[in-house]
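The values are calculated or read from the model by the stated rules, or taken from the named source; none is laboratory data. Owing to the predicted nature of the structure, the values given are computational and were not obtained by experimental measurement. Every residue, glycine among them, receives a Cβ derived from its backbone with ideal geometry; neighbour counts consider all protein chains shown. The accessibility values were calculated without ligands, DNA or RNA, using every heavy atom of the protein model including side chains. Shrake-Rupley method; radii C 1.70, N 1.55, O 1.52, S 1.80 Å.
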Amino acid sequence: MSITLIRGGTVVSSTGRQLIDVLIDGETIVALVEPGATALGADLSATADTVIDATGKYVIPGGVDAHTHMQMPFGGTTASDTFETGTRAAAFGGTTTIVDFAIQTPGERLQDTLGAWHDKAAGNCAIDYGFHQIIGDVNDESLSAMSELVAEGVTSFKLFMAYPGVYYSDDGQILRAMQKSADTGALMMMHAENGIAIDELVAQHLKRGETSPYFHGVSRPWQLEEEATHRAIMLADVTGAPLYVVHVSARQALEQIATARGKGANVFAETCPQYLYLSLEEQLGAAGFEGAKWVCSTPLRSRAEGHQDELWKFIRTGDVSGVATDHCPFCMVDQKELGISDFSKIPNGIGGVEHRLDLMYQGVVDGRISLERWVEVCATTPARMFGMYPRKGVISPGADADVVIYDPAGHTSIGLGKTHHMNMDYSAWEGFEIDGAVQTVLSRGKVIVDGGSYLGASSDGRFVRRELSQNLL
């Protein structure tokens, strides 16, 4: 096995920071060593096969993005990033593990859809990957299959309260799935928007000729996210199922989650960088069809209503457990343009898997969160939430050597022709400037990115069989 020593850096964990060296044997971290210590030998630098100088840099666990959609079919097209292109872009941004979604549609067996996603990803991932399972057809067969999938390392399931006729589950179906989740210990994930009411609002806007991307946001008001979130919490309370609400964008929905958590409920919130930085007015409301670049669901919220600042606050208080991307990229040409005369036909999704660590680090620079909270929401808690800790999400002996060396004195300019490796013809983050930069990325001990150069291969990633959540109360 090859021995790697990362020396001179400050290791940052979810609980603190320390000037300490990291010793890696093959794919695994084997020791944290005080600089100059001789217990493992007089000169580790002389005996290591590779020495990486991290002086003045942060050494953090590789990012865990627990919400991505590579090659996802949606709205008559398919997400533009393949597992190969999307995971390579993730690696450039310091993410070393993703959890993607296998999608069941009505009439399909859960096992078959999971197998199809395994076929898409195997041998085509630059980094390690796992799967959640979307249940689009809640019936006796699907509920029975949940136990089988848990045994195969797929320990989280997602339901939709939105998209009637596509992925939608009614309250009775949600109740039954949550009962099974409670029985198996699996984590239930929820897209919480009132899809029945949203579809009626969409029809009304289109009837009035209000077809621009701006009305995508207006037709999905925060009240319908708050209502659905509260309803999901109540159904989880009835069944005893642990609940993880994905891509929360409205401050009122987060208030519902914070209230439930304050009562000791196993309820958790995820948000995404787009809800922290972007807005209904500035992005969805851009001139002409430009706003289509930022059509996603849940939608970007009004800055005038204070959602963005409140979401940062909930990250600080711990009521937001993790920050993911909901990476679901579509190009403007031939994809977003499908809805040029009807906002409801714009494929929903924003590309961001490459930029999450940087965007959240800017929150550290701006005084919104601490270094430790940065690591916690981007790596440690997602790993614990989805049954991968302590193999992932921590710099500790026995963990996979997924390590990012981050330069606080560096600078990252995001945009086409600058920092952009996703398979998209535009960047949702064009013009963003980050006061920091990813310098080196190791995936299970192998340097896959260094100084902006990609050194990995599409076959580097492995499937991660996950345990049950390690983050329940």
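Miscellaneous remarks
- MRE, 222 nm, helices only [DSSP H, n ≥ 4, -39500 (n - 2.57), over the chain, to nearest 500]: -8500 deg cm²/dmol
- Axis of helix 251-262 versus longest Cα principal axis of the chain: the two differ by about 70°, to the nearest ten degrees.
- For peptides 10-21, 347-358, 76-87, sequence by mean Cβ density within 10 Å, most packed first: 347-358, 76-87, 10-21
- When you work out D = kT/(6 pi eta Rh) for the chain at 10 °C and 1.306 mPa s, using the Kirkwood radius from C-alpha pairs as Rh and the Stokes-Einstein form, the result is 71 µm²/s.
- Convex hull per residue volume in Å³, alpha carbons only, for region 360-416: 115
- Each of the peptides 378-386, 67-75, 318-326 was scored by the mean count of other Cβ atoms within 10 Å over its residues; in descending order, highest first, they stand as 378-386, 318-326, 67-75.
- Pairs of Cα atoms nearer than 8 Å and 6+ residues apart set the relative contact order; for the chain it is 22 percent.
- Expressed per residue, the C-alpha convex hull volume of region 193-291 stands at 90 Å³.
- Looking at the chain, the DSSP beta bridges with both ends there are about 45 percent antiparallel.
- Under-5 Å amide H pairs with residue 320, H placed in peptide plane, nonlocal only: 315
- For residue 52, distant residues with modelled amide H under 5 Å away: 5, 6, 7
- Each distinct pair of alpha carbons in region 274-400 adds a 1/r term; the inverse of their mean, the Kirkwood radius, is 16.2 Å.
- Computed from the alpha carbon positions, the gyration tensor of region 221-344 leads to an equivalent ellipsoid with semi-axes of 29, 15, 12 Å, biggest first.
- When only alpha carbons of region 316-387 are considered, Rg and Dmax amount to 16.0, 46 Å.
- Packing-based ranking, highest mean first, of 305-313, 124-132, 95-103 given that Cβ atoms within 10 Å are counted: 95-103, 124-132, 305-313
- Kirkwood Rh (inverse of mean 1/r, distinct Cα pairs), region 171-227, angstrom: 13.3
- Counting only residues at least eight positions apart within a chain, or on another chain, the lysines with an alpha carbon under 25 Å from that of residue 263 are 158, 180, 313.
- According to the Cα-based calculation, Rg over Rh for region 406-452 is 1.02, with Rh computed by the Kirkwood formula.
- Sorting 238, 64 on solvent-accessible area from highest to lowest, probe radius 1.4 Å, gives 238, 64.
- Computed accessible area, residue 180, all protein chains, 1.4 angstrom probe, square angstrom: 50
- Cα long-axis angle, helix 110-121 against the chain (0 to 90 degrees, to the nearest 10): 50
- When the solvent-accessible area of the chain is split by element, carbon and sulfur atoms take up 49 percent of it, the probe being 1.4 Å.
- For region 99-164, the C-alpha radius of gyration sits at 1.10 times the compact-globule guess of 2.2 N^0.38 Å, with N the residue count.
- Overall Cα dimensions of region 134-231 - principal axes, largest extent first, Å: 50, 23, 23
- Candidate lysines for bridging to residue 293, where Cα separation is under 22 Å - those fewer than 8 sequence places away on the same chain excluded: 336, 345, 418
- Candidate lysines - alpha carbon under 21 Å from residue 392, same-chain residues fewer than 8 apart omitted: 57, 446
- Annotation: average projected area of region 63-213 is 10.1 square nanometres, based on the convex hull of Cα atoms across all directions.
- Cα-centre dipole for region 337-402 with unit charges at Cβ (Lys and Arg positive, Asp and Glu negative), debye to 20: 260
- Unit Cα scatterers, Debye sum, region 1-116: log10 I(q)/I(0) for q = 0.11, 0.16, 0.17 Å⁻¹: -0.56, -0.84, -0.89
- Cα long-axis angle, helix 171-184 against the chain (0 to 90 degrees, to the nearest 10): 30
- What the Cα atoms of region 351-473 give is an Rg and a Dmax of 15.4, 45 Å.
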